[in-house]
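Below is one structure, written out as structure tokens, with a few remarks after it.
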Amino acid sequence: GTYKMGGSTELSLNVTYNYSQFLHQVIQPESTPSENKSGIRSLYGMTALEAIPILETAISNLLETAISNLKDDFDEDYWKPTEGNTKRALNNLLTMCKMRPDAIIDGD
């Protein structure tokens, strides 16, 4: 991996576009400061605290819905668009949001 010389106060997570088919189905906030109404980009501009319940619902939806019948189908290839890989990325983002609830979510 890479790191910044001198460190950083930023948290960073790469959630690949390959997961978008799942993310658009499970992330649909009632309101968003973003121009995107679903998917990971709908979280842009929110505080991490605002995103926490949305992410928890998304993870729960991945577990419960017929669209996924989620098996923990994690693949060693992070880029492979599996529901397990998507769930893992959402759990990582949720953990980061809980670490820094004052953070503002941004991307691209």
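In the context of the full set of protein chains, the chain has a per residue accessible area of 65 Å² (1.4 Å probe). What the phi angles of the stretch 85-94 give under the Karplus curve with 6.51, -1.76 and 1.60, with θ = phi - 60°, is a coupling list of 5, 5, 4, 4, 4, 5, 5, 5, 5, 4 Hz, glycine and proline written as x.
Simple rule: put +1 on each Lys or Arg Cβ and -1 on each Asp or Glu Cβ in the chain, find the dipole, and look at THR95, PRO53, TRP79; the Cα lying farthest toward the positive end is THR95. Lysine pairs in the chain whose alpha-carbon atoms fall under 26 angstrom of each other, counting only those eight or more residues apart or on distinct chains, come to 8. The portion of the accessible surface of the chain made up by carbon and sulfur, rounded to a whole percent, is 50 (1.4 Å probe; DNA, RNA and ligands excluded).
The packing ranking, built from the mean of other Cβ atoms within 10 Å per residue, places the peptides 11-19, 42-50, 88-96 in the order 42-50, 88-96, 11-19, highest first.
Report the gain in length on full extension from GLN21 to GLU56: 0.36 nm times residue separation, minus Cα-Cα distance, nm rounded to one decimal.
Numbers: separation 35, 0.36 × 35 = 12.60 nm, distance 1.80 nm.
Result for the pair: 10.8 nm of gain on full extension.
The values are calculated or read from the model by the stated rules, or taken from the named source; none is laboratory data. A quick note: this is a predicted structure, and the numbers were derived from the prediction, not measured. Methodologically, a virtual Cβ is constructed for each residue, glycine included, from the backbone with ideal geometry; neighbour enumeration extends over all protein chains shown. Note: accessible area is taken over every heavy atom of the protein model, side chains too, but ligands, DNA and RNA are not part of it. Shrake-Rupley method; radii C 1.70, N 1.55, O 1.52, S 1.80 Å.
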